[in-house]
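Worksheet for the structure shown next.
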Amino acid sequence: MNEQIRAREVRLVGPEGEQVGIVPLERALQLAADVDLDLVEVAPMARPPVCKLMDFGKFKYESALKAREARRNQQQTVIKEMKLRPKIDPHDYETKKGHVVRFLKAGDKVKVTIMFRGREQSRPELGYRLLRRLESEITELGYVEAAPKQDGRNMIMVLAPHRAVKASAVAATASRGAARDRTADESAAPEAGGAPAAGETAAAGDTGTVADNSGE
């Protein structure tokens with residue numbers, strides 16, 4: 001940027017993207033000074049390198065905003081795991097199913113593992129029946145992405161949220177992220193002489209996450 005550029009001449013692009021042409025570096029620096037902008041090398045590998053007139057501070061700020069928005073909106077694929085026994089107690093089954101429902105509502109995939117021990121390995125139909133039962137009870141939230149498959153002593157099935165469920169989860173996450181950003185901005189720049197209200201203080205601190213300890 002500016003005096004750090006070492007090329008003798010550059011291909012200059014104006015602040016609105018207009019092509020100025022190939023000019024000596026000194027001329028490009030003078031043009032940048034005339035309009036109170038920076039001369040920024042945007043394509044250093046070109047011959048001659050391409051430089052653009054821009055407000056570099058504003059450019060960095062807008063780039064940071066775009067990057068933060070992209071991170072907020074990106075759909076990250078998270079796979080949770082839920083382990084069950086083929087002869088699971090009804091109450092335990094309902095608890096485990098509740099965790100699966102919560103994971104799907106959050107937009108996550110779930111790997112459901114049936115663990116066989118001892119003589120249970122000779123009765124894989126128990127695990128298959130249990131997985132099919134779970135599939136039928138979460139059909140409004142998700143679908144079977146990978147059908148039940150025997151893997152050694154385990155039987156595995158992968159559930160994925162429906163597209164609408166995942167979209168809703170992503171939107172909710174983005175909304176919470178925007179709310180946290182607004183709260184952080186307000187906390188970083190309080191009004192002169194004013195003290196934050198009690199409700200505002202609670203909101204600023206309410207950014208923790210709850211660890212999930214549902215897996216065995």
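Scanning region 24-41 for residues that are under 38 Å from the mean Cα position of the chain (by Cα) and either closer than 11 Å to ILE5 by Cα or surrounded by fewer than 14 Cβ atoms within 10 Å (Cβ to Cβ) (or both) returns ASP36, LEU39, VAL40, GLU41.
Scanning region 57-72 for any residue that is outside the structural domain of VAL35 (by TED's automatic domain parsing), part of a strand (DSSP E or B), farther than 30 Å from ASP34 by Cβ and basic (Lys, Arg) turns up nothing. In the set VAL100, VAL110, only one residue is part of a helix (DSSP H, G or I), in contact (Cβ under 8 Å) with a residue 12 or more places away in the chain and in contact with a Gly (Cβ under 9 Å, 6 or more places away or on another chain); that residue is VAL100.
Under the condition of being farther than 27 Å from LYS166 by Cβ and either in a helix (DSSP H, G or I) or at pLDDT below 90 (or both), which residue from region 88-97 is nearest to the chain's Cα centre (by Cα)? Give the steps one after another, and end with the answer.
Step one: filter region 88-97 for residues farther than 27 Å from LYS166 by Cβ, giving 88-92.
Then keep just the ones that are either in a helix (DSSP H, G or I) or at pLDDT below 90 (or both); that gives 90-92.
Numbers: PRO90: 36, HIS91: 34, ASP92: 32 Å.
Going through the qualifying residues, I end up with ASP92.
Residues in region 37-58 that are in contact with a Phe, Trp or Tyr (Cβ under 6 Å, 6 or more places away or on another chain) and charged (D, E, K, R): ASP38 alone. Name the single residue that is nearest to ARG133 (Cα to Cα) among those in region 155-169 being in a helix (DSSP H, G or I) and among the hydrophobic types (A, V, I, L, M, F, W, C). Applying the filter and picking the extreme gives VAL165. Within region 101-108, identify whether any single residue is at pLDDT below 95, more than 30 Å from ARG153 (Cβ to Cβ) and of a type in the set (Asp, Glu), and answer yes or no. No, that holds for no residue.
Take the residues of region 22-43 that are outside any helix (DSSP H, G or I) and not hydrophobic (A, V, I, L, M, F, W, C): which is farthest from GLU9 (Cα to Cα)? The residue in question is ASP36.
Starting from residues that are assigned to a loop (DSSP other than H, G, I, E, B) and touching a Pro at 6+ places or on another chain (Cβ under 9 Å), keep the ones in region 7-21 and report whichever is farthest from VAL50 (Cα to Cα). Outline the logic, then answer.
Of the residues in region 7-21, the ones assigned to a loop (DSSP other than H, G, I, E, B) are 7-8, 14-18.
So of that shortlist, the ones also touching a Pro at 6+ places or on another chain (Cβ under 9 Å) come out as 7-8.
Details: ALA7: 10, ARG8: 12 Å.
My answer is ARG8.
The values are calculated or read from the model by the stated rules, or taken from the named source; none is laboratory data. Please read all numbers here as calculations on a predicted model, not as lab measurements. Cβ sites come from the backbone with ideal geometry, for glycine too, and all protein chains shown count toward neighbours.
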